[in-house]
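**Student:** Let me give you the structure first, and then I'll get to my questions.
The values are calculated or read from the model by the stated rules, or taken from the named source; none is laboratory data. Predicted model, so just to flag it, every value in this text is computed and none were measured. Note that each Cβ is placed from the backbone with ideal geometry, even for glycine, and that neighbours are counted across all protein chains shown. The area values use the complete protein model at the heavy-atom level, side chains included, leaving out ligands, DNA and RNA. Shrake-Rupley method; radii C 1.70, N 1.55, O 1.52, S 1.80 Å.
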Amino acid sequence: MGTQEMSEKLLVYTNCIGWDYELPPVTPTDDVDYICVTDREISHSTNGWQTMRIEPLLPDDKFRSSREPKTLPHLFFSNYRRSLYLDSTIKLKTNPSQLWQHLICDETTIFGGVHHSFRRTVKDEFIAVNSAKYDKTTTL
């Protein structure tokens, strides 16, 4: 939308950077846009997601490149007032607008999140990621 007015729709976004994922199906509604940020052509059904092609920030490091749209949605989706990030492996079982209302209950709340289902702290998550060798503690 560029310089056009801000969308009142809720943006639900995910990303598939580094490889081709099977995107979970979504139920289209008039008040929600579903967009998958990707660095490649998706070879299978997008299951209701629109795609947005980007160049990875760090072409040789897809894991870190995938973090850019996750953490900086305003750079990619400046025409949306509201956005909800979902991991590309998550199938949302409820209406995203209802989830938004649960996470962002009033206009003074600027960020909402959910508790991890089985890790208590961010440190616990870092330890699990390191143990699974998804990342390196030596990389800055």
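**Student:** Taking H as built 1.01 Å from N, whose amide H comes closer than 5 Å to the amide H of Ser83, not counting residues under 5 places away?
**Tutor:** Long-range HN contacts for Ser83: Leu11.
**Student:** Using the Cα centre of the chain as origin and beta-carbon charges of +1 (Lys, Arg) and -1 (Asp, Glu), tell me which of Leu99, His116, Leu11 is placed farthest towards the positive end of the dipole.
**Tutor:** The listed residue farthest towards the positive side: His116.
**Student:** Now for a separate question. Quick one: grab the alpha carbon gyration tensor of the stretch 1-77, order the square roots of its eigenvalues as a ≥ b ≥ c, and give me rounded if a/c is under 1.5, else prolate or oblate depending on whether a/b is larger than b/c.
**Tutor:** Details: a/c = 2.26, a/b = 1.24, b/c = 1.82.
Note, shape of the stretch 1-77 comes out oblate.
**Student:** Projected onto the charge dipole of the chain (+1 at Lys/Arg Cβ, -1 at Asp/Glu Cβ, origin at the Cα centre), which of Asn79, Ser45, Thr138 gives the Cα projection farthest towards the positive end?
**Tutor:** Working it through, the farthest residue towards the positive pole turns out to be Thr138.
**Student:** Assign unit charges at the C-beta atoms only (+1 for Lys and Arg, -1 for Asp and Glu), then state the dipole size of the chain relative to its Cα centre in Debye, rounded to the nearest 20. Spell out each step's value before the answer.
**Tutor:** Details: 16 positive and 19 negative charges, 108 e Å.
In total the dipole reaches around 520 debye.
**Student:** Hey, how many Å between the Cα centroid of the stretch 1-40 and the Cα centroid of the stretch 47-117?
**Tutor:** 9
**Student:** For a quick check of your reading of the filter: which chymotrypsin sites (Phe, Trp or Tyr not before Pro) in the stretch 79-140 sit in a DSSP loop and have no more than 12 other Cβ atoms within 10 Å?
**Tutor:** Taking the stretch 79-140 and a limit of 12 other Cβ atoms within 10 Å, the loop chymotrypsin sites (Phe, Trp or Tyr not before Pro) found are Phe111, Phe118, Tyr134.
**Student:** Taking only Cα atoms and a 10 Å spring cutoff, compute GNM fluctuations for the chain and point out the largest among Arg40, Arg120, Arg53.
**Tutor:** Arg120
**Student:** In this model, which of Lys70/Lys91; Lys9/Lys91; Lys62/Lys123 are farther than 27 Å apart at the alpha-carbon? Kindly include the intermediate steps, with their values, before the conclusion.
**Tutor:** Working: Lys70/Lys91 17 Å; Lys9/Lys91 20 Å; Lys62/Lys123 23 Å.
Flagged as over cut-off: nothing, all pairs pass.
**Student:** Can you give the extra length, in nm with one decimal, that the chain gains between Asn95 and Glu22 once fully stretched, where that is 0.36 nm per residue apart less the Cα-Cα distance? All intermediate terms of the calculation are to be shown ahead of the outcome.
**Tutor:** Values: separation 73, 0.36 × 73 = 26.28 nm, distance 2.06 nm.
Going from the current span to full extension adds 24.2 nm.
**Student:** Could you work out the relative contact order of the chain? I mean the mean sequence separation of Cα pairs under 8 Å and 6+ apart, divided by the number of residues, in percent.
**Tutor:** Numbers: 182 pairs, mean separation 37.2, N = 140.
The normalised contact order for the chain reaches 27 percent.
**Student:** Counting other Cβ atoms within 10 Å, keep those with at most 15, restrict to DSSP loop, and tell me which GluC sites (Glu not before Pro) in the stretch 8-58 are left.
**Tutor:** Working: sites: Glu8, Glu22, Glu41; in loops: Glu22, Glu41.
Listed in order of number, the matching sites are Glu22, Glu41.
**Student:** Right, here's the next one. Given the DSSP H assignment, sum -39500 (n - 2.57) over each helix run of at least 4 residues in the chain and divide by its residue total; what's the result at 222 nm in deg cm²/dmol, nearest 500? Please report the intermediate quantities before stating the final value.
**Tutor:** Numbers: 4 runs with 32 residues, N = 140.
Theoretical 222 nm ellipticity from helices: -6000 deg cm²/dmol.
**Student:** So, one more: Between Thr108, Thr38, Thr94, find the one with the highest GNM mean-square fluctuation for the chain; connect C-alpha pairs within less than 10 Å.
**Tutor:** It is Thr108.
**Student:** Solvent-accessible area of Thr27, probe 1.4 Å, all protein chains present, reported in Å² to the nearest ten, please.
**Tutor:** Counting only protein heavy atoms, the figure is 100 Å².
**Student:** Would you kindly compute the Cα radius of gyration of the stretch 51-121 and its largest Cα-Cα separation (Dmax), both in Å?
**Tutor:** Final numbers for Rg and Dmax: 14.3, 41 Å.
**Student:** Moving to a separate point now. Is any residue of the stretch 4-20 close enough, with backbone N under 11 Å, to a label point placed 7 angstrom from the Cα of Ile54 along the Cα-Cβ axis, and if so, which?
**Tutor:** Counting only backbone N, you get 14-17.
**Student:** I want to make sure I understand the PRE zone here: with the label point 7 angstrom from the Cα of Ser78 toward its beta carbon, which residues in the stretch 32-54 have backbone N atoms less than 11 Å away?
**Tutor:** none
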